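Okay, so here's the structure we're looking at.
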Amino acid sequence: MAIKLITFDLDDTLWRVDGVIRRAEKEMRAWLAPHVPEYSSVDIDTMQKIRRAVATANPSIVHDLSKLREVILSETITHLGYSRQRAAELAAGAFDVFLEWRHAVEFFDDALPTLDRLAPSHTLGALTNGNANFERVGLGQWFSFGYCSADVNASKPDPAMFIKALERAGVAPGEAVHIGDNPVDDIDGARAVGMRTIWVSREADEASADADATVRSLADIPSVIDRWT
């Protein structure tokens, strides 16, 4: 059965995410320094307690990483003595800075050339547990749609995101392949709904995943898909 739909994970599949998040958090803290000087005094234990309390009190947003982070920010600023209204305003400003830098990604060298090869003959979609927006990072010319965990109120490997992608593209599971770096979230999740899978493993010493194919470089993906056509 020919492959018609190709879905990609984003973080650590098309770019390395750790440095992106560290930079975003650094810039957010720099913004907070003059606006909420007390924020730098919040210790890790206090932050973790606030995070747990927010998650417990707001179970409906645990899969919405953007909303969750902003609410945690607001609650932390409230904890520092600011009014709830002012804390919410400051949290919104700080999160805007975080989100701007969260989308300042540097693609792997093999990412965009691979999308160039695949897009003319396949429908491409983005499926992420994170809060990166495929259009905001500059992938709109290749991807037809994208879903994150907030859109389906569930995180991979839950089948909801994969099923939504199949429905959006109007294809059967056997006509789709999902590509990602996480053996559980990406590979096990997509396999469970009947999609083919390609595991992106850039480190030779990583334990194997139960994928239909494994690649060390995204540049190898088109030839793998060609073999399935």
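What follows draws every value from the coordinates through simple rules; no lab data is involved. Worth saying up front: this structure is predicted, and the values here are computed from it rather than measured. Positions of Cβ are generated from backbone atoms using ideal geometry, with glycine treated the same way; all protein chains shown enter the neighbour counts.
Worth a mention:
- Longest site-free stretch - the chain; sites: GluC sites (Glu not before Pro), DSSP loop, at most 14 other Cβ within 10 Å: 1-105
- Of all DSSP beta bridges confined to region 1-148, the antiparallel ones make up roughly 10%.
- Note on the chain: GNM, Cα springs under 10 Å; of ASP158, ASP181, ASP110, the largest mean-square fluctuation is that of ASP110.
- Selected from PHE108, THR46, PHE162, residue furthest toward positive end of dipole (region 46-181; charges at beta carbon): THR46
- Dividing the alpha-carbon radius of gyration of region 43-149 by the rule-of-thumb value 2.2 N^0.38 Å gives 1.36.
- Tail beyond 23 Å, pair distance distribution of region 18-102 (Cα, percent): 14
- Furthest towards positive pole of dipole, ALA92, ILE179, THR123, structure part region 72-229, Cβ charges: ALA92
- All-pairs alpha carbon distance profile, the chain, 10 Å steps from 0, percent: 8, 30, 31, 19, 10, 2, 0
- Modelled label positions at VAL184 and ASP45, each set 7 Å beyond Cα in the direction of Cβ, lie 2.8 nm from each other.
- Across the options ILE3, ASN58, THR13, the greatest Cα extent toward the positive end of the charge dipole of the chain (unit charges at beta carbon of Lys, Arg, Asp, Glu) belongs to ASN58.
- Added length on full extension, which subtracts the Cα-Cα distance from 0.36 nm per residue, THR56 to ALA30: 6.5 nm
- Spatially near lysine pairs across the chain, Cα under 26 Å, sequence gap of 8 or more or different chains: 9
- Per-pair calculated FRET efficiency, R0 = 22 Å: ILE21 and ILE163 via Cβ, rounded to 0.05: 0.20
- Mean Kyte hydropathy of 1.0 or more with a Cα span along the axis of at least 27 Å, helices from DSSP in the chain: none
- Dipole magnitude of region 18-102 about its Cα centre (Cβ charges: Lys, Arg +1; Asp, Glu -1), debye to nearest 20: 120
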